[in-house]
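Everything on this sheet refers to the single structure shown next.
The values are calculated or read from the model by the stated rules, or taken from the named source; none is laboratory data. None of these values were measured; they are calculated from a predicted model. Cβ atoms come from the backbone with ideal geometry, glycine included; neighbour counts cover every protein chain shown.
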Amino acid sequence: MRAKTNPSLLQSYQAYLRVEKGLRPLTCEAYSSDLNTFAEFLEKRHGTLLTATQQDVAAFLENLRANAVESRSAARKLSCLRGFYKWLLLDRRIHHDPTVNIESPKAWKVLPKSLAEPEVNEMLMRASIAATHPKARATALRDRAILELLYAGGLRVSELTSLSTSDLFLDAGRVQVRGKGDKERIVPLGDPAIQALESYLREGRPNLARIGTRKSARNEAARLFLSLRGAPLTRQWIWRLVKAANSSASPHRLRHSCATHMVEHGADLRTVQTLLGHADIATTQVYTHLALGRLKTVHSQHHPRAKVRAQDTPPSEAPAPRHSGGLRIVSRGGVTVDDAPPTIPDPAPDPAKELA
């Protein structure tokens with residue numbers, strides 16, 4: 001039965017994800033892998049994707065837990081199943097969703113790891129020195145442009161590899177990026193990234209395109225970043241490039257570094273959400289936990305009972321305390337002395353005069 005139903009169902013669902021949902025090929029492959037895993041589990045229980053019950057889904061999650069699958073991975077697989085059975089309901093192929101009332105495995109929120117600003121600056125400085133050398137090669141210009149773009153725009157590695165030359169608008173200081181679900185967004189760039197891209201387009205990319213040894217398709221020939229063979233760079237190649245520049249870095253860590261450093265310097269979460277292309281602000285809120293120094297500074301400056309406000313009060317505005325011996329403390333040229341004449345208290349009122 002599985003040979004007749006499951007493969008055709010999965011093929012139809014793949015077409016739905018690609019055409020109607022507009023998901024990336026890698027995302028579709030991940031969903032297909034998760035569904036195949038569930039289909040194989042059902043086959044052992046003599047079931048199919050169409051006949052799966054709530055007990056089957058619960059047993060599948062328990063099987064994942066027994067095999068030491070992380071909660072985050074199990075939650076992702078359950079999310080995939082929910083999307084699949086929602087599609088089957090809308091297509092009227094089933095009458096009951098087996099994922100209803102199935103609780104998602106709880107997972108700890110993992111804070112994204114980012115590089116310190118000095119680490120990023122050092123990495124970019126080394127790339128800049130290599131690119132500005134009198135005998136700099138086209139690959140050095142390309143590598144500097146890649147690193148600058150990853151950090152300046154917070155791009156995902158898949159977004160960077162899919163960029164074309166027509167996506168750049170350097171005169172306006174921006175780049176058009178296609179993210180998850182083919183959603184387009186405009187990412188502004190700083191001067192260092194713009195200069196690096198201009199140098200690469202002027203002196204580096206023409207050489208890489210000229211020495212290409214294979215005939216590329218038209219869409220591949222228009223890709224922004226090319227290899228020595230004139231072919232578009234892969235995600236794995238970009239990952240190795242970043243690792244070579246800094247062993248603690250990765251393309252996604254540079255993305256986290258971009259967001260973290262912006263929040264630390266006072267950027268609001270909505271702006272960072274738009275820059276990174278997050279669909280939900282909850283995804284961006286994780287960066288507030290990484291900018292504790294910035295939060296403490298803002299609290300100290302703006303909270304009415306913060307200690308820093310009392311410490312920062314100028315001496316001229318502070319109330320003049322009184323000495324225990326009746327001498328008033330005054331300041332002369334920044335030096336505190338006790339030689340001011342004592343203040344004489346007002347005489348006590350005479351009760352007889354008040355009665356009169």
Problem set entry | Which listed residue is more than 23 Å from the chain's Cα centre (by Cα) and without any contact (Cβ under 8 Å) to a residue 60 or more places away in the chain, from LEU149, LEU168, LEU89 | LEU89
Exercise. What about SER247, is it of a type in the set (Gly, Ala, Ser), buried (at least 18 other Cβ atoms within 10 Å of the Cβ) and modelled with pLDDT of 90 or more?
Worked result: no
Exercise. Given the conditions (1) surrounded by 13 or more Cβ atoms within 10 Å (Cβ to Cβ); (2) modelled with pLDDT under 90, and given that LEU26 satisfies all but one, which numbered condition is not satisfied?
Worked result: (1)
For this session: Could you please let me know if SER71 is over 25 Å from SER8 (Cβ atoms) and either surrounded by 14 or more Cβ atoms within 10 Å (Cβ to Cβ) or under 28 Å from the mean Cα position of the chain (by Cα) (or both)?
Result: yes
Problem set entry | Matching option when the condition is in a loop (DSSP other than H, G, I, E, B) and among the basic types (Lys, Arg), among ARG65, ARG93, ARG82 | ARG93
Seminar exercise, completed: THR99: passes all of (1) within 30 Å of ASN6 (Cα to Cα); (2) out of contact with any Lys or Arg (no Cβ under 7 Å at 6 or more places or on another chain) but (2)
Seminar exercise, completed: Within the stretch 36-48, restricting to residues that are without any contact (Cβ under 8 Å) to a residue 12 or more places away in the chain and not in a helix (DSSP H, G or I), the one that is nearest to TYR85 (Cα to Cα) is GLY47
For this session: Given the conditions (1) assigned to a helix (DSSP H, G or I); (2) of a type in the set (Val, Ile, Thr); (3) farther than 17 Å from SER104 by Cβ, report the number of the one that THR51 does not fulfil.
Result: (1)
Seminar exercise, completed: Of the residues in the stretch 1-35, those that are within 24 Å of ARG92 (Cβ to Cβ), touching a residue at least 24 places away in the same chain (Cβ under 8 Å) and either in a helix (DSSP H, G or I) or touching a Pro at 6+ places or on another chain (Cβ under 7 Å) (or both) come to ARG2, THR5, ASN6, LEU9, LEU10, TYR13, TYR16, TYR31, ASP34, LEU35
For this session: Quickly run through the stretch 213-244 and pick out the residues that are aliphatic (A, V, I, L, M) and modelled with pLDDT under 90.
Result: ALA217, ALA221, ALA222, LEU228, ALA231
Seminar exercise, completed: Inside the stretch 280-309, the number of residues satisfying the requirement of being of a type in the set (Ser, Thr, Tyr) and modelled with pLDDT of 75 or more is 4
For this session: Hey, can you tell me all the residues within the stretch 232-244 that are surrounded by fewer than 18 Cβ atoms within 10 Å (Cβ to Cβ) and touching a helix residue (DSSP H, G or I) at 6+ places or on another chain (Cβ under 7 Å)?
Result: THR234, ARG235, TRP239
For this session: Could you grab the pairs with beta carbons closer than 6 Å, sequence gap of 6+ or different chains, first residue in the stretch 236-257 and touching a residue at least 12 places away in the same chain (Cβ under 8 Å), second one polar (S, T, N, Q)?
Result: VAL242/SER250; HIS256/SER114; SER257/SER114
